[in-house]
């Protein structure tokens, strides 16, 4: 295939994935999707390999192949939607509902974080969950017809909003089928399929070339997650050999009785993200880029959990720490940034008639040639903030403060990015859940740079732990101070 034609078809496929995302965001009911854009879209070939994606959420996208494989096992009919969220059958954590449909070229996939999917607490992210069943409705790969959709939303809070968000996902799939048919009509199906194969091969070649540029060797690092009982250790050994990378988590803590456990699909996703950052950050991601990366972890450990372990925070907090520890290991081989905030700062307010979920930005780590960005969603998150106006219009909450946490970035030749301060006042009784990290362990600086400030959670000026679920009364004020990024390099005299 001539390069010009490959570029045209590749751009057409990427445009379909991006338009799917636009339809989903603009059609959604919940602020979490339409404002924060906590959703992802992608196209796969008939073998279940990701060909192209919209630039959405890294933790969603890298874990999607397992979801497609789980649906393919049921041999879905063309245009027939299938839904799942089971973390042990291709999902991530339960609020991320994934829909897969077969198209003329393979499969279209949407994944969106729904503000509630049932469970013991509003928002389906209880701080104290021990089993998956406490976190919401568990959906194995299931054909999604009208009756199934109604049966699912009836088991969730705010069913009208859930129904609207699911229909927005389905609208994105209808768009994908139509656009793919149009592309095949213009370029012929066999040519488009051949272009998909070449795009996968090209991504693999580029990433392999990037790996070859890294020094061979075995590099190790240790990091930890915070729990009320103490620290949970993550160990990563990264072996670079020619044009391949193996990332082994042997020695990592066993799976936790709480919900910091991570399905292996999410662990792979975090590892793919790091390798992409260091080898080909500007390459449009596809399944080809994942081929040279092998990820291994002992069964039933923190990063390869077994059912029925709870996983609510594994998808957000443990995935962030996996990124940190793999970057740290590779820091012995190549320059890497200082650590960013290393948490998504998950906050949920809710009761029987509303559920509000957000993640809050913080500081990114500085690198060898630049300061860290301020107030950004770091690493595995790529969402926006929720605008104050949209939040206050839709929910019984008031934002009393939203500002930079000045000086929270680590000092150094290049400063770490500052975190933020966000204060929210409850205007009616509701339930609060917090799933956060980096409250005790600060983000590390690099090459002599200082650590960033650790985060803080306060309710009515009383310090809260990193994980908490509790009842609020009207007038209660939550204050979140997010971590700053680490600084890079010793400050010059």
**OP:** Give 199, 214 a once-over and let me know the one that is buried (at least 21 other Cβ atoms within 10 Å of the Cβ), over 30 Å from residue 34 (Cβ atoms) and either at pLDDT below 95 or touching a strand residue (DSSP E or B) at 6+ places or on another chain (Cβ under 9 Å) (or both).
**Re:** 199
Original post:
Mind checking whether some residue in region 125-137 is more than 23 Å from residue 20 (Cα to Cα) and either free of Cβ contacts under 8 Å to residues at least 60 places away in the same chain or not assigned by TED's automatic domain parsing to the domain that holds residue 90 (or both)?
Top reply: yes
Subject >> Identity of the residue in region 48-65, surrounded by fewer than 24 Cβ atoms within 10 Å (Cβ to Cβ) and at pLDDT 85 or above, that ends up nearest to residue 316 (Cα to Cα) >> reply: 65
**OP:** Please work out which one of (1) over 17 Å from the mean Cα position of the chain (by Cα); (2) surrounded by 24 or more Cβ atoms within 10 Å (Cβ to Cβ); (3) within 28 Å of residue 301 (Cβ to Cβ) is the condition residue 111 fails and give its number.
**Re:** (1)
**OP:** Assess whether residue 96 counts as being touching a residue at least 40 places away in the same chain (Cβ under 8 Å), over 20 Å from residue 266 (Cα atoms) and either in contact with a strand residue (DSSP E or B) (Cβ under 6 Å, 6 or more places away or on another chain) or surrounded by 24 or more Cβ atoms within 10 Å (Cβ to Cβ) (or both).
**Re:** no
Original post:
Do we find that residue 71 is assigned to a helix (DSSP H, G or I), in contact with a strand residue (DSSP E or B) (Cβ under 9 Å, 6 or more places away or on another chain) and not assigned by TED's automatic domain parsing to the domain that holds residue 390 in this structure?
Top reply: yes
Subject >> Enumeration of residues in region 294-307 that are within 13 Å of residue 326 (Cβ to Cβ) and touching a residue at least 60 places away in the same chain (Cβ under 8 Å) >> reply: 303
**OP:** Check 157, 167 and return the single one that is touching a residue at least 40 places away in the same chain (Cβ under 8 Å) and surrounded by 22 or more Cβ atoms within 10 Å (Cβ to Cβ).
**Re:** 157
Subject >> Unique match (being in contact (Cβ under 8 Å) with a residue 60 or more places away in the chain, in contact with a helix residue (DSSP H, G or I) (Cβ under 9 Å, 6 or more places away or on another chain) and not in a strand (DSSP E or B)) among 439, 444, 491 >> reply: 444
Subject >> Any hit, region 163-175, residues being over 27 Å from residue 268 (Cβ atoms) and modelled with pLDDT under 95 >> reply: no
Subject >> Matching entry among 375, 332, 371 (being over 18 Å from residue 233 (Cα atoms) and either free of Cβ contacts under 8 Å to residues at least 40 places away in the same chain or not assigned by TED's automatic domain parsing to the domain that holds residue 395 (or both)) >> reply: 332
**OP:** Check whether at least one residue in region 419-431 is part of a loop (DSSP other than H, G, I, E, B), over 20 Å from residue 477 (Cβ atoms) and either without any contact (Cβ under 8 Å) to a residue 60 or more places away in the chain or under 20 Å from the mean Cα position of the chain (by Cα) (or both), and report yes or no.
**Re:** no
Original post:
Is it true that some residue in region 82-102 is more than 25 Å from residue 121 (Cβ to Cβ), assigned to a loop (DSSP other than H, G, I, E, B) and in the same structural domain as residue 125 (by TED's automatic domain parsing)?
Top reply: no
Original post:
Which condition number does residue 39 fail, the rest of (1) more than 28 Å from residue 357 (Cα to Cα); (2) at pLDDT below 95; (3) surrounded by 20 or more Cβ atoms within 10 Å (Cβ to Cβ) being met?
Top reply: (1)
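The values are calculated or read from the model by the stated rules, or taken from the named source; none is laboratory data. Everything quoted here is computed from the prediction, not taken from an experiment. We place every Cβ from the backbone using ideal geometry, glycine too, and count neighbours over all the protein chains shown.
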